[in-house]
1. Using packing as a proxy for protection, rank 144-157, 245-258 so that the peptide with the highest average count of other Cβ atoms within 10 Å comes first.
2. Among residues other than GLY241 whose Cβ falls under 11 Å from its Cβ, what is the net charge (Lys/Arg +1, Asp/Glu -1)?
3. Taking just the alpha-carbon atoms of region 111-266, what radius of gyration and Dmax come out, in angstrom?
4. Rounded to the nearest 0.05, what FRET efficiency do ILE252 and ASN33 give with R0 = 45 Å and r taken as the Cβ-Cβ distance? Could you check?
5. Which percent of the Cα-Cα distances in region 1-127 go past 21 Å?
6. Which of the residue pairs LYS39/LYS184; LYS2/LYS58; LYS188/LYS275; LYS183/LYS276; LYS60/LYS194; LYS213/LYS310 have a Cα-Cα distance greater than 29 Å in the structure shown?
7. Going from most exposed to least, what order do LYS71, LYS100, LYS86 have by accessible area with a 1.4 Å probe?
8. Measuring from label point to label point, each 7 Å out along Cα→Cβ, what is the MET81 to LYS275 span in nm?
Amino acid sequence: MKKVLAILEGDGIGPEIVREAIKVLKVIESKYNHEFVLKYAPFGAGAYFSEGSPFPEKTKSVCDEADAILKGPIGLAVSEMNTIPKESRPELGALLPLRKRYDTFANYRPVRLPKELASFSPLKESIIGDGIDIIIIRELVGGIYFGDKTEGPSTGMKYAKDECPYTDEQIRRVAIVAFEEAKKSNSKITNLHKSNVLATSRFWNEVVDDVAKGYPEVSCTSLLVDNAAFQLVINPAQFNGIMLTENMQGDILTDQAGGILGTLGLMPSVCVGPKKSYAEPAHGSAPDIANKNIANPYSMIGSVALLFDKCLGMGDEAKDIDNALFEVFKKGFVTRDLNDGSGKKKELSTSEFGDMVVENIKNS
Ligand code: NAI
Ligand code: MG
């Protein structure tokens with residue numbers, strides 16, 4: 001299969017972890033006889049400084065012409081963000097416009113920790129039980145992140161306002177993705193909301209309940225999101241299956257999920273649109289550990305596997321990558337973020353981790 005892939009390396013640890021994902025693309029390309037044409041383009045804070053825009057026109061063309069996009073995390077340290085005008089900052093000037101351009105409304109964020117890796121989690125092994133295996137499906141192009149934003153007035157009492165609009169269609173289509181996924185994998189759905197306060201949440205539930213009528217074989221229960229945040233720590237495995245959420249709740253809960261796994265470096269994701277999708281880790285650019293060859297590239301490599309599986313019809317290749325990733329851990333190797341200092345684990349650099357994934361794929 002021939003695929004043109006836009007490669008947006010991003011900022012901070014982005015280029016380091018994207019490099020490891022490219023190694024994996026190359027080995028899959030030769031093992032499965034595919035052809036991946038890679039087109040690099042600037043995106044994020046680095047692009048703002050070098051090109052004057054965080055999402056330059058030439059990057060838009062590269063992405064428009066590609067079959068899919070691999071995107072590293074973008075952004076500066078929060079303290080450095082003031083050096084860029086508000087509208088050109090990585091999230092507002094690049095990330096949200098990318099999502100909008102390709103209407104990538106369904107964001108898959110798996111939260112996986114097999115029983116034998118329970119020691120990665122800060123939670124007790126008894127709480128991890130038989131392992132965590134959740135996919136959080138987050139609506140990605142609606143709600144408060146995309147609603148109108150106003151600030152004012154320049155004199156008098158100042159205020160700021162973020163609107164949180166959702167249409168029936170926006171909720172319905174992501175709910176259908178969740179129900180289809182649940183039907184395929186024979187799993188249940190936990191639908192998250194804040195309907196005791198928010199009108200958008202009450203509407204969300206109304207539409208989800210309506211979609212549920214078309215899937216009598218899928219069990220779907222609803223839970224207030226604050227309770228879910230609590231339960232996710234007390235007993236995460238009770239959610240094994242699918243958690244369906246709106247945009248901002250999903251953003252926050254998926255970072256919490258990374259904490260439960262022991263690191264955001266274990267959080268891959270794929271953002272799926274009707275025509276084009278892109279792979280990106282669930283985390284940010286981790287400026288605190290950039291350029292040290294210590295970041296965990298699992299999240300970026302796992303995002304490629306998700307893109308293969310959910311969007312490019314390459315399920316076998318995706319399984320091969322997933323197995324190779326977990327194999328590294330099962331052999332007792334970890335990256336810095338998962339090294340508990342007990343001396344029991346052997347620490348790998350970012351590039352050594354990528355090399356070992358490649359070897360595992362070659363040998364499987
Ligand atoms: P962050 O997610 O970059 O980092 C949070 C913590 O997790 C840090 O301690 C970091 O070292 C660690 N971490 C993250 N990924 C890791 C990995 N692969 N391996 C090992 N450790 C890892 O969040 P932070 O520091 O709040 O944000 C940094 C920048 O990223 C900001 O500019 C923010 O706006 C941006 N950001 C960009 C996103 C995107 O591109 N989609 C998403 C989230 C934040
Ligand atoms: Mg986030």
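The values are calculated or read from the model by the stated rules, or taken from the named source; none is laboratory data. What you see is a predicted model, and the numbers here were worked out from it, not measured in a lab. As a convention, Cβ positions derive from the backbone with ideal geometry for all residues, glycine included, and neighbour counts pool all protein chains shown. To get the accessible areas, we keep the full protein, side chains included, count just its heavy atoms, and leave off ligands, DNA and RNA. Shrake-Rupley method; radii C 1.70, N 1.55, O 1.52, S 1.80 Å.
1. My ranking of the peptides, most packed first, is 245-258, 144-157.
2. -1
3. Final numbers for Rg and Dmax: 17.4, 60 Å.
4. Between ILE252 and ASN33 the formula returns 0.60.
5. 52
6. Result: LYS39/LYS184; LYS60/LYS194 exceed 29 Å.
7. These residues rank, largest area first, as LYS100, LYS86, LYS71.
8. Placing both labels 7 Å beyond Cα along the Cβ direction yields 3.2 nm.
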